[in-house]
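Only one structure is covered here, and it is reproduced in the block below.
Nothing in this text is a laboratory measurement; each read-out follows from the coordinates by a stated rule. Since the model is a prediction, treat every value here as computed from it, not as a measurement. As a convention, Cβ positions derive from the backbone with ideal geometry for all residues, glycine included, and neighbour counts pool all protein chains shown.
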Ligand code: MG
């Protein structure tokens, strides 16, 4: 288990648990880990504390002999694409806290293949960090720093993957909400170059997030929903703070959950390829499995976390993958979540096939209920063992926590990686059944937590 790195890098409140000392030493550890050969590309989202952390990270890297390429404020997937494409770049660092409130910031490491590092690699970096076994170099070998712009090659790569003529002919009107985040630097221009009429919301970079918090929830996207409906737009598009995830609004103003988009794209790609592998975490809706299998494809479930999905996709030769939060991964583009690529793909689908609400109406529908059940961190592991014993005769999957398959749907119980609780998910064909299943398993969880807490 990593101590500093979570599912998406090291995160914390600036100058409380995420400060320049941590950034400096972590960067020395990263640089020591890759060795002094080659360069490290560093980019940020639009947060106020970005420059402070970027200077510290750059200083740490140069002190152990790495050269630094400063990519400036850019979407995280643009950093990932740059690292993958530029051979002399051995590592990427994204300074971002994605959808967290403005007081947070974070540091995420990207491997030379453009995908987030594995947990084992992060453990190795942490080991160097905690032992302070940094390989400081002589004065004459200190690294150099220069700047580069990753946006053009990234944007062109996305444009290569869609049929621009068809999109142009459809004359689509798109309302785009960039959440004052890193998406401001790319998506308005990309969509315009694809021939859409683009109306932007919150498209000025501002790390105080004056428009709304940078998580694209229905609540946060009220203005986008309203504007999409009122102005007869064809699509509403929203990115999170670092523009790796994207959420869509249909032409009627309907908020489309991320797992619906995941299902729609999975269906399209498996149909086009006449089969293929799709990878998603166990927490995703069964609708993904339904459409993939109906189209002759195969679905593989993994533990929760986009880097886990991305790496499994590479191993299995998957064509597509992603998460229910709007993080979609296109294997023929790059193995990471990519908001701008997802936007381009959906825009192309609407241009070719018609209204987004109609496309969505053709997909299987389930109801998902999600709750948290308090559980002290020290009991989490023991509880999982007990759960596995309790339900050993049920049809199950233990890729992450314990997922149980029933006739009416499924239940997933997994320890939270960030909070002292278990997450309980239930998906069923209707709300009543889902609620009943939640109640039953919540009761069982509480009983087992009590038992583990007071062993007889
Ligand atoms: Mg993000």
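Below are the figures for this structure:
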read-out: Sorted peptide list for 297-307, 204-214, criterion being average Cβ within 10 angstrom, highest first; value: 297-307, 204-214
read-out: Fewest-first ranking of 109, 336, using other Cβ atoms within 10 Å as the exposure measure; value: 109, 336
read-out: Order of 171, 87 under a 10 Å beta carbon neighbour criterion, fewest first; value: 87, 171
read-out: Cα convex hull volume per residue for the stretch 258-361 (Å³); value: 85 Å³
read-out: Which of 291, 83 has the fewest Cβ neighbours within 10 Å, and the rest in rising order; value: 291, 83
read-out: Relative contact order computed over the stretch 76-230 (Cα-Cα under 8 Å; 6+ residues apart), in percent; value: 21 percent
read-out: Equivalent ellipsoid, the stretch 340-426 (semi-axes from 5 times Cα gyration tensor eigenvalues, Å); value: 36, 17, 11
read-out: Cα convex hull volume per residue for the chain (Å³); value: 139 Å³
read-out: The stretch 59-185: translational diffusion in µm²/s, Stokes-Einstein, Kirkwood Rh over Cα pairs, 10 °C, 1.306 mPa s; value: 92 µm²/s
read-out: Length added when fully stretched, residue 147-residue 443, from 0.36 nm per residue minus Cα-Cα; value: 101.0 nm
read-out: Per-bin percent of Cα-Cα distances, the stretch 1-91 [10 Å]; value: 17, 49, 33, 2
read-out: Whole-number percent relative contact order across the chain, with pairs defined as alpha carbons under 8 Å at least 6 apart; value: 12 percent
read-out: Distance cut-off 12 Å, percentage of C-alpha pairs in the stretch 98-138 lying past it; value: 71 percent
read-out: Among 97-106, 7-16, the order from most to least packed when residues are scored by Cβ within 10 Å on average; value: 97-106, 7-16
read-out: Rg/Rh (Cα only; Kirkwood hydrodynamic radius) as it applies to the stretch 297-445; value: 1.02
read-out: Protection proxy ranking, peptides 265-276, 383-394, average beta carbon neighbours within 10 Å, highest first; value: 265-276, 383-394
read-out: Quotient of C-alpha Rg and 2.2 N^0.38 Å, computed over the stretch 182-236; value: 1.17
read-out: Relative contact order, percent, the stretch 165-256 [alpha-carbon distance under 8 Å, six or more residues apart]; value: 33 percent
read-out: Global form of the stretch 161-268, assessed from the alpha-carbon gyration tensor, a/c cut-off 1.5; value: rounded
read-out: Anisotropy class of the stretch 35-82 from Cα gyration tensor, a/c 1.5 cut; value: oblate
